Amino acid sequence: MVGYVARWPASDAEPEHVAHITYCALGQGKRAWRMKPMPSPRPLFDLAAILSRPVASVLVCPDEWSMDAAAMLLPDMVATTTAQDPKSPASTDFGPLAGHPVVLAPTVGREGQAWADMMANLLAKAGVRDVKVLDMAGVAGSMGRELSSSDEWGLADAVDGGLAAEALATLMSTDPELIRFHVDERQKRATEVMLHSDTTPMTEESLSLFRSDATGVYKLVERQESGETIREYVRFCSPLTVVAETRDGDGRNWGRLLCVVDRDNIRKEWAMPMEQLAGDGINYRSELLSMGLTIGSARKAREFLHEFISSERPKEKARCVPRTGWHGRAYVSVNETLRPGQDAQERLLLQTTVPPDHPFRMAGDLAAWQDEIARYAIGNSRLGLALSAAFAAPLLYPLDAEGGGFHLRGGSSTGKSTALAVGGSVWGGGGLNGFLRTWRATSNGLEGVAALHCDALLCLDEMGQVDGREAGAIAYMLANGSGKSRAGRTGEARSSASWRVLFLSSGEVGLADKLADDGRGRRAAAGQEVRIVDIPADAGAGFGLFENLHAFGSADAFARHLKSAAARHYGHASRAFLKVVVERFDDIQQEARFLCDRFVRDHCPEGADGQISRVAARFGLIAAAGEIARDAGILPWPEGEAMRAAGVCFNGWLAQRGGIEPAEERDAIARVRHFIELHGASRFELMGAGLEPHPDMRVTHRAGFRAGDAAKGYEYIVLPEVWKADICTGMDVTFVTKTLAQRGFLRVGSDGKAQTKRRLPGFEGPVRCYVIRSSIMGEASH
Ligand SMILES: Nc1ncnc2c1ncn2[C@@H]1O[C@H](COP(=O)(O)OP(=O)(O)OP(=O)(O)O)[C@@H](O)[C@H]1O
Ligand SMILES: [Mg+2]
């Protein structure tokens, strides 16, 4: 605390009086309470509450009485006021409000309006973009109060008049206009005067070609009436502002940041590339229309709009970027740009040819999200992993880590899509499918989706919907971070889309099976398996994907609760997390590295192959992100929970992978074992003393010979061409041979060569062949 503000209300005899009681330094180390003004800039009232609720709406009140009333009437918002005489709050530091939606609560009447105009101006200077105003006249009207023009009537009066929080809540839900965008009254009056006096001759210098205000955009036109030239403004579209000129870091791709206020009073911004103005403009017009702009139907209206956008020269300039995510130390999301501190640099904006159709929306609130979703991940490793992964996505860049994904594989109705929805609720939702996207797309189609999810989480549900070949291509493409490079119209290489994503996926089969299912014997390359980490969805506790049902009676009820909660509360957690990461970039980078290394040290088996340590590092990043989000107060978990969840999932992955050797070696052994399992009896001729083939056992398509006996195990002798063409199909023959020899599954000749010379029935001299030991069948297959 800095001090107290004493305020004596105005009376008929005296104006309002304000005094500060401040804890002052008196020199020589002495401190005491004195009646002295606080040094400016002064803190907002209850600053601690504002800082502790980073995403809450803040209600700015003109004085402490209305603030108390606000705390009662609007408990969902944080109420505050300035430490100064309400007429001159300029010495207050409004910086902490940047990023919060702010609502002003002026009294009805001229003074209240003047206060609101002044506040809106100060807030805009402090970088607050979303300033609305609570319509107190509307509140008074709903209570049946008739107010005269000289009445000053505010929130405190409403409480005195008997207004209760429930009644106000009902009123707000029935009248969406009760809280609306602030319009500066003086500006409005000025334009009204101008509009209504359109036949009066105006002086040259006062006229600009376009006028724009809360009612729409107007163009100055001339017409002749009874021999006289009349100049008047005609309206051609609903409110539209050209906020800033944009261009990229190289001074190319110029554009305009357009802001539309639709009929619901919702502001929407779009950074439009200027190249859109090159043709007849049909593309940009249809985008503006879909954003809620209304354009006059006459051809002239379209021409005026075109002229307006191209001729407006806003003072503000902004840098545009072609994709979301990190740009230096700033994080650009679809809706806003987060950057450290009171960084006064130019705005950074996402500029796209069409305003992106994205699921990064917000609903509900952070506290409810924590209570109804995040809390239930405690003790549920897969949910813990999904949530931690959501926070890990924006840490890929600070840690210079590679992109990639996790695939939850398991039977139907085990809770896979639920886990994805839980992870997705960190970032957004809404619409029909919430935050989930589907695999059912071509790799080209997914490029756009991936670019939109750069440095964010991407959830892809139901791998089953896409064919095997496409799945493999998509896996590589997503993880590698760039799309196909295509040639432009004149054959020049166009820059391809690029991204850095972390994705969660689900399906009844894994990527490897998916690739195999096109029947051409294709296998997942080890690289693909490392890029999409396959985790069994079943946690083995008998509840499908879940281990701990908390207080729910069944896994089914638990899953249904999570899905419905994720459809109500979403989007807030990532924003709160990004704010922290942007502010403490270096600390978080170090902390994440440390936690990630610790995870790898604790979990990665000794002597494991590079592929395993790579996957362990990916799990480590997830664990670190979860712990950091917990530290920041976003995940309501006990310490170590994220580490534990990632650990359980990593072990699940390792167990189903079946060993710590490189995947290619495992595949090589599996391939040979599979061939012998399948054809050991039918395609290998028995040979050796006393081993007369049974007359009924005819060998067709001979692959080789069997020697030895059933008790001690056979040796399988394979002829070189069969080895190459039938057994090692599609694999690197030398690699398979080498792997088997190293493991002792292949008998090596006395000269150290993999081929041994044998005498075989039907062959004249000794022939070179491969001899497989039956021990290859002995090792437990996984
Ligand atoms: N672990 C579970 N045990 C029992 N029922 C469950 C479980 N998980 C989900 N369900 C039920 O199945 C429904 C679908 O859940 P969800 O979409 O998460 O399943 P899924 O694993 O994605 O299935 P699918 O493979 O069919 O898409 C839930 O609404 C719930 O009723
Ligand atoms: Mg599903």
Could you work out how far the C-alpha centroid of segment 750-772 sits from that of segment 14-82, in angstrom? 92
Relative contact order (percent) for the chain, with alpha-carbon contacts under 8 angstrom and 6 or more residues of separation? 8
Starting from the amide H of Asn548, placed 1.01 Å from N in the peptide plane, find each other amide H under 5 Å away whose residue is 5 or more places distant or on another chain. none
Work out from phi, with θ = phi - 60° and the Karplus expression 6.51 cos²θ - 1.76 cosθ + 1.60, the ³J(HN,Hα) of each residue of segment 375-385, listed in order in whole Hz, and give x for Gly and Pro. 4, 6, 7, 5, x, 10, 4, 5, 5, x, 5
Neighbour-limited loop hits for trypsin sites (Lys or Arg not before Pro), segment 219-318 (at most 13 other Cβ within 10 Å; DSSP other than H, G, I, E, B): Arg252, Arg263, Lys315
Volume per residue (Å³) of the convex hull spanned by the alpha carbons of the chain is 255
If the limit is 28 Å between Cα atoms, which of Lys219/Lys317; Lys125/Lys300; Lys268/Lys317 go over it? Lys125/Lys300
As a test, work out the antiparallel percent of DSSP beta bridges whose residues both lie in the chain, rounded to the nearest 5. 65
Compute the helix-to-body angle for 610-631: its Cα long axis versus the longest principal axis of the chain, expressed 0 to 90° and rounded to tens. 30
Interchain or long-range residues, amide H under 5 Å from Thr246's placed H: Gly255, Arg256, Leu257, Ala318
Chymotrypsin sites (Phe, Trp or Tyr not before Pro), loop per DSSP, at most 16 other Cβ atoms within 10 Å - longest free stretch of the chain: 255-762
Whole-number percent relative contact order across segment 238-350, with pairs defined as alpha carbons under 8 Å at least 6 apart: 25
Karplus couplings for segment 164-170 from phi (6.51 cos²θ - 1.76 cosθ + 1.60, θ = phi - 60°), rounded to Hz, Gly and Pro as x? 10, 4, 5, 5, 5, 4, 4
Whole-number D in µm²/s for segment 238-350 (Stokes-Einstein; Kirkwood sum over Cα pairs; 4 °C, 1.567 mPa s): 87
Could you calculate, for segment 51-182, the ratio of the Cα radius of gyration to the Kirkwood radius, expressed as Rg to Rh? 0.94
Mind scanning Lys416/Lys579; Lys712/Lys757; Lys514/Lys753 and naming the pairs with a C-alpha gap bigger than 27 Å? Lys416/Lys579; Lys514/Lys753
If you average the alpha carbon positions of segment 298-367 and of segment 113-172, how far apart do those two centres end up, in angstrom? 30
How large is log10 I(q)/I(0) at q = 0.16, 0.21 Å⁻¹ when the Debye formula is applied to the Cα atoms of segment 663-778, each weighted equally and without solvent? -0.72, -1.27
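Quick note: the coordinates plus some simple rules give every number you see, no bench work behind them. What you see is a predicted model; the values in this text were computed from it and never measured. Note that each Cβ is placed from the backbone with ideal geometry, even for glycine, and that neighbours are counted across all protein chains shown.
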